[in-house]
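In what follows, a single structure is set out as structure tokens and then discussed.
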Amino acid sequence: MNSKKNYNIAIVGLGNIGSEVYKHLVKNKRTIEINTNSSFQIKYISAKRINKKRGFTIPKKMWVKNPLSLVKKDDVDIIIELIGGSDGVAKELVFAALKNNKHVVTANKALIFKHGNELVKIAENNSVNLLFEASVGGGIPIIKSIKESLVGNKLFHIYGILNGTTNFILTEIEKTKKSFKENLLNAQKLGYAETNPKLDLNGDDVKSKISILSALCFKTKIINKKFLTEGIEQIDLEDVEYAQKFNYKIKLLGISEITDNKIKQRVHACLIPKDSDLAKINGANNAIMVEGNPIGKIVYQGLGAGKGPTTSSIVSDLNSILKGNITLPFGFNFADAKEFKMFDFNNHICKFYLRIVVKDKSGVLSKITSVLSKYKISIQSILQQPLQNNKYANLVIITHNSKEKDMQSALMKISKEKFISKKITMIRIRNEKKL
Ligand SMILES: NC(=O)c1ccc[n+]([C@@H]2O[C@H](COP(=O)([O-])OP(=O)(O)OC[C@H]3O[C@@H](n4cnc5c(N)ncnc54)[C@H](OP(=O)(O)O)[C@@H]3O)[C@@H](O)[C@H]2O)c1
């Protein structure tokens, strides 16, 4: 064995994750050094407020006021960025660190999603590591698995439940039979949802994650332009209950696949058969399915966030660097990134679930069915249920396979009718099979 190399580490950001990483590295220093045949010191720490009470002590000499000064220090080899955000200090720090030949470990999906395509080039040119296992799926080792363990495969499909907050809320709606609003408040109280949960609820968080995974799977650039991204804000208890009646569960999925040499990537809620594997993933758990040749289908499952799982991934990345590895950030040489066109989602075909709140009077149903049939949308099942005051009714429709474009046109037309009293809820149905 070669002689041991020594590494100096700076941790920037000492919030939920940074604090846990610091404590873990202090506590497990010896074990990590044995495992990696290296030695390391946490040399510097930086956060916004030096005087904030953190429940543990950090030697004063470690503190650095301006994190950007770290990139010029000769006694820093690795920077662990745990500030967050796609821009601002996190962006400046990571760009400058890589340019100054420092290895970077980050949990920042927003940053990798928005700037990953530029960052990877700098890391490759300077032969330093840019590792981001913790940016997707918390403690699930999905990124290393795609880059290394599945390298012998041609992967063509990756999808799954990538946001613990929304999965927790959907699971709780079903369990408690309470509204979306009540369950969101409860999720915030329990710490499963942030005070501002917008990015979780509107699908943006999953958008970043599926884009990162898709680039690694299909050996292409991160797609950070617009693609279909919807959240779960339009879903309520009634939808969860109707879905159950039709033997489905509702899940928010990130999905990316190669079809006819095009990338078909999207984020939206789906009705999936209630006996499918993904339907059984409850609470704050994540599950990711990967399909390829020759492996077939493989599933990864675990807690998708939280300080324990996230620290596990960060320490795994750190271990790789401490072992002396220099790996390609995306698992392939970025100059060889494949170019794919985007699939036009208007041509997507699936069954649809519609819940239309209508005035309960004659002629309404026939008007709706005639518009659907004008757009070649045929109905598989229909259910009409009066609402409390009997003036309105829920009309729930499951269609046969139809084209996205036709569905959007039909919905636009139906929405204009005077008998429609609320925005129509439309959820795509996915024919998810058991493993
Ligand atoms: N929380 C999770 O479960 C989870 C899971 C996976 C990935 N992540 C990712 O991990 C990263 C950190 O998340 P977190 O939950 O730990 O966030 P957090 O609790 O809000 O912590 C952010 C930290 O950044 C520091 N900070 C803010 N502005 C700064 C600046 N200008 N200079 C230096 N430090 C600054 C803050 O300092 P003060 O402490 O002084 O305020 C704080 O310590 C994010 O990228 C997030 O997406 C989080």
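Report the normalised scattering of segment 342-391 as log10 I(q)/I(0) at q = 0.29, 0.30 Å⁻¹, calculated by the Debye formula with identical scatterers on the alpha carbons.
Each listed q corresponds, in turn, to -1.29, -1.33.
For helix 16-27, report the angle its Cα long axis makes with the longest principal axis of the Cα atoms of the chain; keep it between 0 and 90° and round to the nearest 10°.
Rounded to the nearest ten degrees, it is 40.
Compute the distance from the alpha-carbon center of segment 104-176 to that of segment 3-76, in whole Å.
Each part reduced to its Cα centre gives a spacing of 23 Å.
Listed highest first by mean packing, meaning other Cβ atoms within 10 Å per residue, what order do 23-33, 173-183 come in?
Working: 23-33: 13.8, 173-183: 15.6.
By packing density, highest mean first, the sequence is 173-183, 23-33.
What do you get when you divide the Cα radius of gyration of the chain by 2.2 N^0.38 Å, with N the number of residues? It would help to have the intermediate numbers written out before the result.
Numbers: Rg = 24.2 Å, N = 435, 2.2 N^0.38 = 22.1 Å.
It is 1.09.
Please give the residues of segment 48-90, grouped as numeric ranges, whose backbone N is less than 11 Å from a label point set 7 Å along the Cα-to-Cβ vector of Glu194.
Answer for segment 48-90: 84-86.
Considering the Cα trace of segment 15-158, what is its radius of gyration and what is Dmax, both in angstroms?
Cα-based Rg and Dmax for segment 15-158 come out at 16.1, 51 Å.
Compute the Rg to Rh ratio over segment 142-304 from the alpha carbon atoms, using the Kirkwood formula for Rh, and round to two decimal places.
Working: Rg = 15.9 Å, Rh = 16.2 Å.
Here Rg/Rh amounts to 0.98.
Return Ser214, Ser316 ranked ascending by Cβ neighbour count within 10 Å, so the fewest neighbours appear first.
Working: Ser214 26, Ser316 17.
By the 10 Å Cβ count, ascending: Ser316, Ser214.
Arrange the following residues from fewest to most other Cβ atoms within 10 Å of their Cβ: Lys403, Lys297, Lys65.
Values: Lys403 16, Lys297 12, Lys65 9.
Neighbour counts put them in this order, fewest first: Lys65, Lys297, Lys403.
Can you tell me the length gained on complete extension of the stretch Asp75 to Lys177, counting 0.36 nm per residue apart and subtracting the Cα distance? Intermediate results must be reported in sequence, preceding the final value.
On the way: separation 102, 0.36 × 102 = 36.72 nm, distance 5.65 nm.
31.1 nm is the gain from fully extending Asp75 to Lys177.
Considering only the other residues whose Cβ falls under 15 Å of the Cβ of Lys114, what net charge follows from Lys and Arg at +1 and Asp and Glu at -1? Provide the component values of the computation, followed by the final result.
Working: positive: Lys91, Lys109, Lys121, Lys207, Lys209, Lys221, Lys225, Lys226; negative: Glu81, Asp87, Glu92, Glu118, Asp204, Asp205.
Cβ neighbours under 15 Å give a net charge of +2.
Express as a percent, rounded to the nearest 5, the fraction of DSSP beta bridges in the chain (both residues included) that run antiparallel. Each step should come with its number before you reach the end.
Values: 53 of 78 bridges.
The antiparallel fraction comes to roughly 70 percent.
In nm, what is the difference between 0.36 nm times the number of residues separating Met342 and Gln388 and their Cα-Cα distance? Before the final figure, lay out the partial values.
Numbers: separation 46, 0.36 × 46 = 16.56 nm, distance 4.52 nm.
Length gained, Met342 through Gln388: 12.0 nm.
Which order do the peptides 264-274, 160-170, 53-63 take when ranked by the mean count of other beta-carbon atoms within 10 Å per residue, highest first? Kindly include the intermediate steps, with their values, before the conclusion.
Working: 264-274: 22.1, 160-170: 25.9, 53-63: 10.0.
Highest-to-lowest ranking by the protection proxy: 160-170, 264-274, 53-63.
Beyond 10 Å, what share of the Cα-Cα pairs of segment 238-277 is found? Please give it as a whole percent.
Details: 557 of 780 pairs.
More than 10 Å apart: 71 percent of the Cα pairs in segment 238-277.
Regarding segment 345-429, what's the average projected area of the Cα-atom convex hull, expressed in nm²?
On the way: hull surface 20.0 nm².
Averaged projected area of segment 345-429's Cα convex hull equals 5.0 nm².
None of the figures in this text is laboratory data; all of them are computed from the coordinates on show. Note that the coordinates shown come from a computational prediction; the quantities given were computed from them, not determined experimentally. Because the Cβ atoms are built from the backbone with ideal geometry, glycine has one as well, and the counts that use them run over all protein chains shown.
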